[in-house]
Amino acid sequence: MLMDHGCEITKSLAWDAREYEVNAVKGLVGLVAKASKVYRVAEFEKIFANVCNISPAIGKYLRDAEVQKWARCQFSGYRYDIRTTNPAESINSALRSPREYPIIPLLDSIREMLTRWFYNRKKKISKHNHPLTIDVEKKIERRTEKGKRFAVYPVSDGRLLVRGDKIDCLVDLDRRTCSCGNYNLMKIPCRHAIKAGFHVGRQPHTLTDLFYTTEAWREAYHENINPIAVPEDAWSMPEDVVVVNVLPPESRKSVGRNRKRRYKTVEDKIRSSQTSQKRQPRKCSRCDVEKKIERRTEKGKRFAVYPVSDGRLLVRGDKIDCLVDLDRRTCSCGKYNLMKIPCRHAIKAGFHVGRQPHTLTDLFYTTEAWREAYHESINPIAVPEDAWSMPEDVVVVNVLPPESRKSVGRNRKRRYETVEDKIRSSQTSQKRQPRKLVCSSMQVVVFESAVLPCLV
């Protein structure tokens, strides 16, 4: 492989170099993200210095972009009263399908969506009896648990020193500040402020800004989004409006299919790859047998059973009539024969003759068999390595790795996807949950004069 400057390099070495650069970029992106989210200026300066050492060009670009606009600790105002997501992208995601409609159906779909949001939020608020919003209550619970072992030393009225964390923090409960920086920006008491508040007998909700209260949350949704009560054929419009022929604006259609989703940034790609690695583990056929039987019992409630002989019953009411043999554990639907977990027909037939589903299930699926599979213990090696006793002929042997030929390109860590896998993954991506419109206080976001709730 010939480089641009005339130097020859192997393909494997080129791929290794590319892998190194990709990892370096990922690490740099992580540092920039960390610098943007820290609350203390000293910690920000330390992380940002590392970014500048790795890439002076990126450091200069971030400085030119004005640090106050992207670093949390350098922000001149408070963090809680601004939008924390991009409203245009979020609305585009919510209206991905309705955007294809004509203008009137599009407006109707938007109105219906807002009506649904407001109604669901009002219903949720009516059931919430705590003084603070749901997310803030959960945050305070977590922080209270983390700060249990902190020690508090009063300094003056309303000012206390909290020790026991990575740094000692000075909390001012009257000004609602803490030297960790979190309380200053978010106006939700940090773990240090909560501990200091308990020390002087003040509850966390009394230290929280009014913006996070349930009353403010209720006030944001007290309006109704009403439908148009008059049908379209009864609308009263001026004549000059009726005769106007409104044409769409002139636009140039780009080559290819219209893009409905935004372009992903490097950070988005890293986050999505990390999310895919954290998927739920695969389960064997033993897992969730109880849930399977519950679902099948529910589906077979309306079936009719007709005894044929001892242990053999005819079950009707499904797509096909099925003959169940409870003694041989078979059913003409075929599922019971193979899996040995009673199908909906076998469960219904069993109830008809007074036999419970667990008596019709194979022993392989019982809790006792499950317990038996894990009764052994995986023990660590109790003897340290320097105390191992090995024969001399084993000690002197130099074990080399097997000869292998490194393939071209990056080492593949996952198996090749089949056509069925690709279809399933494409269907899953289409069914993804829409992006949330979240503000840091109470799951609302402000669009100029309108308050819109988040997608759930």
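Coordinate-derived values only; no laboratory data. All figures in this text were calculated on a predicted structure; none of them were measured in a lab.
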Cα-based Lys proximity count in the stretch 37-132, under 30 Å, for pairs eight or more positions apart or on separate chains = 6
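I'd like to know how the stretch 172-271 sits against the 2.2 N^0.38 Å rule of thumb: what's its Cα Rg over that expected value?
That works out to 2.11 for the stretch 172-271.
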